[in-house]
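Have a look at the structure below, then the notes.
The values are calculated or read from the model by the stated rules, or taken from the named source; none is laboratory data. If you're wondering where the values come from, they're calculated on a predicted model, not measured in any experiment. As a convention, Cβ positions derive from the backbone with ideal geometry for all residues, glycine included, and neighbour counts pool all protein chains shown.
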Amino acid sequence: MSAIPVELVGKECKFSLHLPAIEDYRKDTHIVKEILHYSDGSRRSNLKVVENFKRPFWITKDFYRTHEQKKESEDIAKLNKFYSTESDLGRNIASRLGQRYVGKTKLREVRDSPFVYGIDVSTAALIKKAYMDRFPDAISSNQLATLDIENDVTGKKEISVISLVMNDKIHTVIRKDWLNNTRDVESQIKHLFEKHVPDTDIKKNAKMTIEILDNEMLLVKHILAKAHEWKPDFIAIWNIDYDIPYMLKVLEKYGINPKDVFSDPDIPKHLRYFRYKEGMKQKLTESGKYTPINPEEQWHSIICPSHFYWIDAMSAHRYVRAGGKTVPGGYSLNNILNMELGEKLKKLKFGEKESIQGIEWHIYMAKNKPLEYVVYNQWDCMSMIELDQKTKDLSHVMSMLSGVSDFGIFNSGPKKIIDAMHFFYIEKEKVLGTKPARVQDNKILGLDDWIVLLPSYRVKENGLQVIEENPDLCINARAHVFDSDCVSSYPSDTVAANVSRETTRREVISIGDIPKQDFKLQNINLFFGDVNAIQYCTNMFGFPDMFELEELIQKETG
C-alpha cells in the first residue's frame, strides 16, 4: 500500500520586515517569516524574500476634488486606485496629484494633500492580511525561546554566561577564564541543575548542551548561531534594554557588524540588516516638563531578517494587560513569577544570607558559587517559559491582540486601530483618509492648557457626611476621587458621542474676540452639567457682571 503524499495545505505569516531599496545594491524588499502547514499536521519555518511588493494607494478623481480639508474616508467610486513599492510611494503619489507636487519624492511631502487615501496602513499589515485571507485555517501558537545574560561584575566586567532555552532544549555558553580552571564543569552544572531547579516539564524533557568558549565575543556569536539553528518564532528577554545593548557593545569591541550575526545566516549579504530601535524613555507632560517612562512601558524593537522576532517579555506582560491594575511590587521577573506562579517558581537561591541583596548578591555568586550562578541563569530563562505556559502572553495572546499589525507597534493602540480600520473601510467600499504630516494649529482647537484649577462654585457638594453632631453636613473630604482631564476622556467620550469627521458638522476653534483660554475655561465643565450661568454669560456673551448690573439699577432708580 503506497504512502499518502504529504502536501502543503497552508501558509501562515508570523511577521514581516521591510528593507527600503538602495540604488544599485538592493531592490525594495520584504522578508516574511512563514510557517508552512502540511497535510500530515507537521509545520516548517521559512523565510520568504519578496522583491518589489506593490501596495495600493488611492487618489481622488479630478471631478471630486472640491474640498480643501481632509476627509475621514471617501467612497471608492470617487477614487482612482494605484500601486507602488513602499520605497517609491511618495514619488508615485506626487506624480498622480498634479503640477503642484512635481519633483516631490518623500512621503511627508505629499501626505498633507486632502486627496490621498489609504497610505497609513503598513505593508506588514497588508501582507499579513493577504495570508490570513488566503489561508484562514493556517494558525499556530508562537514557538518561544528565552535568553538571558550574566555579566562578570567582579573581574573584567564582561559577559560570563548566556543561556538560550526552549521547551525541549537548553543551551548555555560560558566564558572559560571566568571559571578559574574549574574542572568537570558540565557534569557539575548538570548535578546542580538537578538539585536546585524546581520540578517542571522543561526540567524533565529538555536536553542540555554547554559550550565553554575563550571570550565574550564567541559567547554572543555562538548563542545567536544556536538561535538561528533552532528557528523559534519569538526570542524573549526580560528587560531587553539591558541584554541587547550589552551584546552590541561586545560586537562593536571586536569590530563585528551586528547585521552579520543577528541576521539569518542563509540571508544574502545585501539583505542583511540590523537596527535596535529604542522605545521612548521620557515623555513631555502638559506642563512642559519631561518625565521618565518606566522600563516596562518602553517598547524596544529589533529589526533584522531572521526566523525569530525579539520581544521584551516584561513590556509584553505590561501591554497585554494595558488598562488593567498596576502590578503591586513592580515588574521585576522575581515579583511577576511570585504573583503568577507562586513562591516555589521564583528566582533561585543557594543558601546565601538573606542580607545579601541586589548587586552584592551577584558579586557574591560570581566569586563564590560560579556554577550555581550558571544554573541561576538557566532557570531565569526556564521560568519565563513557565510563566508563558500559564499566561499565554507570547505564545498566543500577543498575536491575537496584534491582529494584522506588526509587533513593533504592539504598544500603540491608535496605530493598531488604523491598520484594522483600513480593512474595515474597504469592506464598506470606502478608503480611510490619511494623517497629515503636520497639524495646522489655526485649524484645530488643540489640547494645550486644558488642565486648569476649577473655581469653587464648580465643586459638587458630595463630600463625606461624617460629623456626628450634624449627619446631614457634607464636608470637603471625598472617599472616591478621579482625575478628569480632557486627554483621559479619549477614546471613551469619542465613542459615546459618535465623534468623527463624518458626524461633525462644524468644529468650534474660535469664538469672536474671546481669548482661547477664556472659552476653554468656560466650556470645560459643560459636560458635567453644573455651571455658573452668570459668569458664563458675562464672559461669553458680554452680559454685565453683578457690579455693572448694580450700577445700572441705581441709575434707573435715581
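Summary table
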| item | result |
| --- | --- |
| Wholly within the range 265-366, strands (runs of 3 or more DSSP E) carrying at least 1 residues that are within 26 Å of Asp393 (Cβ to Cβ), free of Cβ contacts under 8 Å to residues at least 24 places away in the same chain and not small (Gly, Ala, Ser) | 282-284, 290-292 |
| Residue in the range 165-177 that is assigned by TED's automatic domain parsing to the domain that holds Tyr364, modelled with pLDDT of 95 or more, touching a strand residue (DSSP E or B) at 6+ places or on another chain (Cβ under 9 Å) and hydroxyl-bearing (Ser, Thr, Tyr) present | yes |
| Check on Asp241, surrounded by fewer than 20 Cβ atoms within 10 Å (Cβ to Cβ), within 25 Å of Leu371 (Cα to Cα) and either not assigned by TED's automatic domain parsing to the domain that holds Val50 or not polar (S, T, N, Q) (or both) | no |
| Top-ranked residue of the range 160-178 - restricted to ones that are among the charged types (D, E, K, R) and assigned to a strand (DSSP E or B), ranked as farthest from Leu147 (Cα to Cα) | Arg175 |
| Some residue of the range 115-125 being in contact (Cβ under 8 Å) with a residue 40 or more places away in the chain and surrounded by fewer than 22 Cβ atoms within 10 Å (Cβ to Cβ) | yes |
| Residues of the range 259-275 that turn out to be in contact with a strand residue (DSSP E or B) (Cβ under 8 Å, 6 or more places away or on another chain) and under 22 Å from Val161 (Cα atoms), as a count | 1 |
| Filter result for Arg108 (assigned by TED's automatic domain parsing to the domain that holds Ile59, farther than 30 Å from Ala236 by Cα, basic (Lys, Arg) and touching a residue at least 24 places away in the same chain (Cβ under 8 Å)) | yes |
| Filter result (in contact with a helix residue (DSSP H, G or I) (Cβ under 6 Å, 6 or more places away or on another chain), of a type in the set (A, V, I, L, M) and closer than 30 Å to Arg438 by Cβ) within the range 117-148 | Val121, Ala125 |
| The range 54-89, residues that are hydrophobic (A, V, I, L, M, F, W, C) and either surrounded by 18 or more Cβ atoms within 10 Å (Cβ to Cβ) or assigned by TED's automatic domain parsing to the domain that holds Leu271 (or both) | Phe57, Trp58, Ile59, Leu79, Leu89 |
| Lone unmet requirement of (1) in contact with an Asp or Glu (Cβ under 6 Å, 6 or more places away or on another chain); (2) surrounded by fewer than 21 Cβ atoms within 10 Å (Cβ to Cβ) for Leu394 | (2) |
| The range 478-501, subset exposed (fewer than 10 other Cβ atoms within 10 Å of the Cβ) and either in a loop (DSSP other than H, G, I, E, B) or touching a Ser or Thr at 6+ places or on another chain (Cβ under 6 Å) (or both), residue modelled with the highest pLDDT | Ala479 |
| Residues being exposed (fewer than 10 other Cβ atoms within 10 Å of the Cβ) and within 34 Å of the chain's Cα centre (by Cα) - total across the range 1-23 | 1 |
